[in-house]
Each structure stands twice: as structure tokens, then as C-alpha cells.
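Notes follow the structure.
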């Protein structure tokens, strides 16, 4: 267990109005938390503030206090990266180049992750199965169409086809985690103007679905986002805390870590998909867990 401390947070009128206004218009609490972190609030503070307003609404007693007290963990402690060291990573079937690294948060830009043929095959397999992207509602735990992620997507089961089995194994070697710890590959398509707002890939235990998933498989620890096509303009994966934007180029990928061996999560891993200005953007994502991934039944 990580050490905790008490923080007293002043709720000024500007913050109060912003939280209440966004809850009134139906924004999910998780989106408010991510918005606060994007404005340089610490993650535990943002979670505590939003939780206080949501709990007040659930109880039917308005939050009128000018200051709230929040129990927060100590600062995130960085472990040595899981990604292998060096300028390249040798997998069973190819050599992946490490183009750039960032240490805090840990991010790596990779080249030669996928071949042009594999990218085309993935797009062809995914296209007939695309549906509007959904997120888990932080209050109900139910899936709903994501207003802040106006894309289309689909999931493959682990090792669903021979191609998927090859990619599951390759991504596992790149990410230095067992294949069984990986969730099924997700393919996303972003059309012109499509984007995703700043968000985390780790799970926040704010609803029953996330809590149950964390109990089954542990926290997500890392992500690999590989690009399946060249985007003429826009569509970068941006990391505001690192001051980094990764341009989508076919066959390349961005890898990042956000959970240490103590179970802490790194709020500096906040990231977004910038709007596609010209063309479309196709990407495939792999998430790794602390333990063997067990899907809900």
C-alpha cells in the first residue's frame, strides 16, 4: 500500500460552476477528471473534487462547502521501463526500431512495427465490423456512444485469426508482457474532424464494471498504438504533460507505460487523438494488464 496524505482543496466559484455545468449537461465524471488533469490538477485531487460533487448529487444534498478534504496517495514513483533497452527490439519475426523515448512519462516512438501488407489486411478485416465507439459510463458501468470520441471501432478476440495471432505475439514481445496479459486488439477509424479528447488508458475504479475488471485482471499497465495508414494532416497522438505529439505514419507506433509495481497510476500519461484534418486515420491498440486478462462473461 502506498502512503497517503490529507489535502484540503478550496472550491472557488469558477471551479464549482465548471463542474456543476458539465455534470448538468451530461458529461461523464471521468471526462471532467481528465479535463482537470489537462489543466494541471493532480489526478487524486481531480478525482476527489469530482467525486465530491457526484456523491452530493447522488445523496440529494448539494455540495456547499468552500473547502473539501481529500485523502491522496504520494507522488507516482517511476520504475525502470518494461520496454527493452536499446535502439531496437528483436521479435520472433522482425526488428522494431526505437526512434525516440521520453522518461517521465515513459513514452517510446517505434518504427517497423507492422508491414504495409499487415496494415492493409487489418483494415480489411476490421472494416465490416466497425461500430460507433463507446465508453463505459462511470456511474452506471454501461457502454454508451462516446461524444468525446467520435470514431468507429471494433475488437478482435485474442488469436482470433492467424494474422491476429502473429500480431498478439509480436506486440507481447515488444511490450515485454505475456500474451495472456493482453486485451484483444482494438482497431479504430477516425474520419475527417474525428478525434479523442484527453484521457487515460488506465482504469479508474469509479463504477462496478471497472471495479470487477480490476479484480479479475489487475490494472492496465501499458499501451501500444500502431498506425495503419499515413494521415495527410492531423490525427497526432498528443501527450500534453510531455509536450509530445506523435504523427501517424503507417507501420509505426507509440508505446507508453502508466502503472508501476506498487499499483500507482501515472496521470502524466494523459493523451489525446488530435482531430483528423485531411484523410482518415486507422490505428490498432493493444492494452496490457498486470495479470492474465479475463473478459467479463
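The values are calculated or read from the model by the stated rules, or taken from the named source; none is laboratory data. Please read all numbers here as calculations on a predicted model, not as lab measurements. Glycine also receives a Cβ, built like all others from the backbone with ideal geometry; neighbour counts cover every protein chain displayed.
Filtering the stretch 199-212 for residues that are part of a helix (DSSP H, G or I), buried (at least 22 other Cβ atoms within 10 Å of the Cβ), touching a residue at least 12 places away in the same chain (Cβ under 8 Å) and more than 16 Å from the chain's Cα centre (by Cα) leaves an empty set.
Of all residues in the stretch 76-93, those that are surrounded by 11 or more Cβ atoms within 10 Å (Cβ to Cβ) and under 30 Å from residue 41 (Cα atoms) total 7. Here residue 36 fulfils each of the conditions (1) in the same structural domain as residue 204 (by TED's automatic domain parsing); (2) surrounded by 14 or more Cβ atoms within 10 Å (Cβ to Cβ) apart from (1). Hey, any hits in the stretch 247-263 for a residue that's closer than 23 Å to residue 46 by Cβ and modelled with pLDDT under 95? Yes, some residue in the stretch 247-263 is closer than 23 Å to residue 46 by Cβ and modelled with pLDDT under 95.
Determine whether the stretch 103-112 contains at least one residue that is buried (at least 18 other Cβ atoms within 10 Å of the Cβ) and more than 20 Å from the chain's Cα centre (by Cα). No, the conditions are met nowhere in the stretch 103-112.
Please work out which residue is modelled with the lowest pLDDT, limiting yourself to the stretch 63-87 and to residues that are in contact with a helix residue (DSSP H, G or I) (Cβ under 9 Å, 6 or more places away or on another chain) and over 30 Å from residue 18 (Cβ atoms). Of everything passing the filter in the stretch 63-87, 84 is modelled with the lowest pLDDT.
Residue count for the stretch 97-118, restricted to those that are in contact with a helix residue (DSSP H, G or I) (Cβ under 6 Å, 6 or more places away or on another chain) and closer than 14 Å to residue 174 by Cα: 0. Put simply, of 11, 33 the only residue that is at pLDDT 90 or above and under 20 Å from the mean Cα position of the chain (by Cα) is 33.
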